[in-house]
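Worksheet: the structure to be examined is printed underneath.
The values are calculated or read from the model by the stated rules, or taken from the named source; none is laboratory data. All of these numbers come straight from a predicted model, not from anything done at the bench. Please note: Cβ atoms are built from the backbone with ideal geometry, for glycine as well, and neighbour counts cover all protein chains shown.
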Amino acid sequence: MSLLLIQQYFPAYPAHMHAQILQLHTQDKLQHYISQRYPQAHTIQSDKALYDFCSELKQRYLKNAPLLDKVYFDNQLTVEKQTLGLNTAISRVQGGKLKAKKEIRISAFFKATPAEFLTMIVVHELAHLKERDHDKAFYQLCQHMEPNYMQYEFDCRLYLLALALKRLPVIPGVEKDRLDD
Ligand SMILES: [Zn+2]
């Protein structure tokens, strides 16, 4: 069961990485790893604060990208649904013209995460203003905005995994059988 979850949270990673993560988990070190590395909470709790945070990053790194019409925390985007951020261009008729409204929605989940994970998801959604797919150019842009982007993304997966594992019922013996596979 734990290994299944690990595979689910790290689909693009090789089996030896899954085994390492499982080991961290069975040694009860996952939580510790995260709280050691990311002790810093953040104060961005309102949509206004989130908008300002996004705009600042956008101004600094993506001056030519379209203006953001709306940025907000969304309670509908949940970890269970596996959607943590969204970005949309909604077309609306305005004064006889079709105008695309750019919106970024960030899961309200990130209000209570370490600061670095909020930065990671905001950078991710901002990068989509210029790059649609999750390709090399996309990740290069993410790393341009936040040099530690890849590390933060990986560790955020660990953070989410740790939370999911906590919700799992503990079935004695199962962990050991998995390890012996
Ligand atoms: Zn994306």
Subset of the range 127-146, residues surrounded by 15 or more Cβ atoms within 10 Å (Cβ to Cβ), within 13 Å of the ligand (Cβ to nearest atom) and not aromatic (Phe, Trp, Tyr), comes to Ala127, His128, Leu129, Glu131, Leu141, Cys142
Within the set of pairs 6+ apart or on separate chains, which have a first residue in the range 117-134 that is more than 17 Å from Tyr38 (Cβ to Cβ), a second that is within 11 Å of the ligand (Cβ to nearest atom) and among the polar types (S, T, N, Q), and C-beta atoms under 6 Å apart? Glu125/Asn87; His128/Asn87
Condition met for Tyr51 (surrounded by 13 or more Cβ atoms within 10 Å (Cβ to Cβ), assigned to a loop (DSSP other than H, G, I, E, B) and without any contact (Cβ under 8 Å) to a residue 24 or more places away in the chain): no
Test Glu125 against the stated conditions and say whether it is touching a strand residue (DSSP E or B) at 6+ places or on another chain (Cβ under 7 Å) and acidic (Asp, Glu). yes
Return the residues of the range 102-126 that are in contact with a Cys (Cβ under 9 Å, 6 or more places away or on another chain) and either at positive phi or more than 16 Å from the ligand (Cβ to nearest atom) (or both); say none if nothing qualifies. Thr113, Pro114, Glu116
Of all residues in the range 65-101 being within 16 Å of the ligand (Cβ to nearest atom) and over 21 Å from Tyr149 (Cβ atoms), which is modelled with the highest pLDDT? Asp74
